[in-house]
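Input: a single structure, listed below in structure tokens.
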Amino acid sequence: MARLVLGDDHAVFVDALVTVLPQRGIEVLATADTIEGTVGVVRDNAPDVCLVERFFVDGDSLDFLHEIMAAGGPHMRVVLLTADREPAAVRRAMRAGAAGYVNKMCGLTALVEAVRKVCSGQPVTRLPALAQRRICGEDRGRGAPLEELTPREHECLRLLATGAHTANMARSLGISTATVRSHVQGLLTKLGVHSRLEAVTLAIRHSLLDSGDAAERQR
């Protein structure tokens with residue numbers, strides 16, 4: 001069972017999650033309604049995941065991600081849970097080290113799936129459809145193509161950014177799971193990283209996801 005602390009200042013929302021998440025196999029260890037309080041419950045409980053709202057009365061949690069992550073240690077994952085749907089905020093969060101970014105409009109099932117995926121080392125972004133397409137690189141012109149990656153590796157990288165696992169990637173691309181693993185291993189090697197989470201974080205930091213359309217046009 002995933003062990004989670006929740007930082008959010010919307011009391012009704014927090015009460016609902018505290019009731020429902022254990023029914024989905026996620027233990028809620030503690031809650032907090034400020035950024036300072038979130039840092040404290042993370043430090044006191046050593047959770048697997050810190051699920052944290054972006055905006056509090058005492059600030060923007062994006063400005064305190066390093067402090068939250070330091071309190072939780074190297075194995076804790078941070079997932080931003082927010083009503084903010086701007087792709088720029090997603091990029092900023094991932095650059096700062098967040099493992100996931102989930103919009104509240106995406107619903108409980110998406111949230112539970114995101115928590116489970118980040119616990120297994122997979123990065124997750126869950127936004128409303130238009131914003132999700134933008135963060136996955138359908139807005140053209142912001143990033144230069146990364147020519148070292150093949151077109152298929154670009155496709156795999158963009159799917160990784162949505163939190164897709166191997167089987168879903170295989171179905172989306174119409175290829176076998178073994179071929180997906182081969183492409184993923186290839187892009188990890190070329191990017192010089194050791195995990196899917198590191199690959200997506202690096203890609204967002206350097207706007208590599210935006211180059212997928214250029215790679216697609218070269219096919």
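Take the conditions (1) surrounded by fewer than 22 Cβ atoms within 10 Å (Cβ to Cβ); (2) assigned to a helix (DSSP H, G or I); (3) under 18 Å from the mean Cα position of the chain (by Cα); residue 75 misses just one of them, which is (2). Does residue 150 meet the test of being of a type outside the set (A, V, I, L, M), surrounded by fewer than 19 Cβ atoms within 10 Å (Cβ to Cβ) and modelled with pLDDT under 90? For residue 150, the condition - of a type outside the set (A, V, I, L, M), surrounded by fewer than 19 Cβ atoms within 10 Å (Cβ to Cβ) and modelled with pLDDT under 90 - is met. Is region 80-90 home to any residue that is modelled with pLDDT of 90 or more and not β-branched (Val, Ile, Thr)? Within region 80-90, one or more residues are modelled with pLDDT of 90 or more and not β-branched (Val, Ile, Thr). Of the set (1) in contact with a Gly (Cβ under 9 Å, 6 or more places away or on another chain); (2) in a strand (DSSP E or B); (3) under 18 Å from residue 159 (Cα atoms), all apply to residue 116 but (2). When region 45-72 is filtered for residues that are over 15 Å from residue 119 (Cβ atoms), of a type outside the set (Asp, Glu) and assigned to a loop (DSSP other than H, G, I, E, B), the ones remaining, listed by number, are 54, 57.
Counting only residues that are in a loop (DSSP other than H, G, I, E, B) and either surrounded by fewer than 22 Cβ atoms within 10 Å (Cβ to Cβ) or more than 8 Å from the chain's Cα centre (by Cα) (or both), region 86-106 holds 2 of them.
Of the residues screened, residue 31 is not one that is surrounded by 15 or more Cβ atoms within 10 Å (Cβ to Cβ), closer than 19 Å to residue 163 by Cα and hydroxyl-bearing (Ser, Thr, Tyr). Here residue 68 clears all of (1) over 24 Å from residue 107 (Cα atoms); (2) in contact (Cβ under 8 Å) with a residue 24 or more places away in the chain; (3) surrounded by fewer than 18 Cβ atoms within 10 Å (Cβ to Cβ) except the condition numbered (3).
Filtered by the rule that a residue be within 22 Å of the chain's Cα centre (by Cα) and among the polar types (S, T, N, Q), region 1-33 gives a lone residue, 31.
Considering (1) surrounded by fewer than 20 Cβ atoms within 10 Å (Cβ to Cβ); (2) over 18 Å from residue 102 (Cβ atoms); (3) out of contact with any strand residue (DSSP E or B) (no Cβ under 6 Å at 6 or more places or on another chain), the lone condition that residue 39 does not fulfil carries the number (1).
The values are calculated or read from the model by the stated rules, or taken from the named source; none is laboratory data. As the structure is a computational prediction, the values presented were derived from the model and not from experiment. Please note: Cβ atoms are built from the backbone with ideal geometry, for glycine as well, and neighbour counts cover all protein chains shown.
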